[in-house]
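**Q** Please see the structure below; I have some questions.
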Amino acid sequence: MNLSDWVLLGVVVVVLLGWALWVQASRVDRLHRTVLRSRATLETQLVRRATAATELAASGALDPAEAIVVTDVALRAIDAAPAGLVRDGLEGAPGSDPLGEGAAVDDAPDRGLVESELSRTLRTVLGEPEDRAALAADPRATEVLGHLQRSWYRLQVARRFHNAHVQRVREVRARWVVRTFHLAGRAPLPEPFDMDDGLPDD
């Protein structure tokens, strides 16, 4: 091979390497955006569950003291929603690039703790299966209780999907090629969302 052949080979290798890195960087970016979409879905399900809890409390089917407690915890969960689910900065600051450097951590309540408290409160109020059966038989609670159960189940599914997407991103970003060539850019490493989302025992 003469010099021009070696130069051509070198150019081809560089182009192929650049293309491979671009493909890998695009994949990392898509994974980050998948996490953001799954996080938005999870946020929606959390708000729906809290809303259903307030509707159940307002239905008149619960004991007044229980209704007050459920309303208080559910409203705190709704009020905490603007703080976001996870403080990893992946969403970015308001009005900024969602994969930018992110916003500073504020003094907002920990969403995982607030949502876990709502789960525990609802499990306590709903009680044993026979108690829930009696509540479901009450015309005032039948529809809203079904809505609460569906939204709670969808919340569990959404959280599993979100955390699975986060785990996938973390695995890909741990690869040497991604770390060596900084293919994730300045996007923060996403964190899973942890909470007690256990349904009442059947």
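The values are calculated or read from the model by the stated rules, or taken from the named source; none is laboratory data. All figures in this text were calculated on a predicted structure; none of them were measured in a lab. With ideal geometry, Cβ positions are generated from the backbone for all residues, glycine too; neighbour counts draw on all protein chains shown. Areas reflect the complete protein model, heavy atoms only, side chains present, ligands, DNA and RNA absent. Shrake-Rupley method; radii C 1.70, N 1.55, O 1.52, S 1.80 Å.
**Q** Kindly indicate whether Val35 is β-branched (Val, Ile, Thr), open to solvent by less than 60 Å² (accessible area, probe 1.4 Å) and not in a helix (DSSP H, G or I).
**A** Criteria not met by Val35.
**Q** Inside the stretch 153-171, can you point out the residues that are out of contact with any Pro (no Cβ under 9 Å at 6 or more places or on another chain), under 21 Å from Thr54 (Cβ atoms) and open to solvent by less than 80 Å² (accessible area, probe 1.4 Å)?
**A** Leu155, Gln156, Ala158, listed by residue number.
**Q** Moving on. Go over the candidates Leu9, Leu42 one by one and state the one that is at pLDDT below 95, part of a helix (DSSP H, G or I) and surrounded by 10 or more Cβ atoms within 10 Å (Cβ to Cβ).
**A** Leu9
**Q** Can you name the residue in the stretch 72-87 that is β-branched (Val, Ile, Thr) and within 20 Å of Val125 (Cβ to Cβ) and is also surrounded by the fewest Cβ atoms within 10 Å (Cβ to Cβ) among such residues?
**A** Out of the qualifying residues, it is Ile78.
**Q** Something else now. Please enumerate the residues belonging to the stretch 51-71 that are more than 13 Å from Val125 (Cα to Cα) and among the aliphatic types (A, V, I, L, M).
**A** Ala52, Ala58 - these are the residues of the stretch 51-71 that are more than 13 Å from Val125 (Cα to Cα) and among the aliphatic types (A, V, I, L, M).
**Q** Let me ask another. When you go through Pro129, Pro200 one by one, which is the residue that is in contact (Cβ under 8 Å) with a residue 40 or more places away in the chain, out of contact with any Leu (no Cβ under 9 Å at 6 or more places or on another chain) and open to solvent by less than 80 Å² (accessible area, probe 1.4 Å)?
**A** Pro129
**Q** To continue, here is another question. Residue under question is Ser4, and the condition is that it be assigned to a helix (DSSP H, G or I), open to solvent by 70 Å² or more (accessible area, probe 1.4 Å) and among the polar types (S, T, N, Q); does it hold?
**A** Yes, satisfied.
**Q** When you scan the stretch 50-71, how many residues do you find that are among the hydrophobic types (A, V, I, L, M, F, W, C) and open to solvent by 30 Å² or more (accessible area, probe 1.4 Å)?
**A** Total satisfying the criteria: 4.
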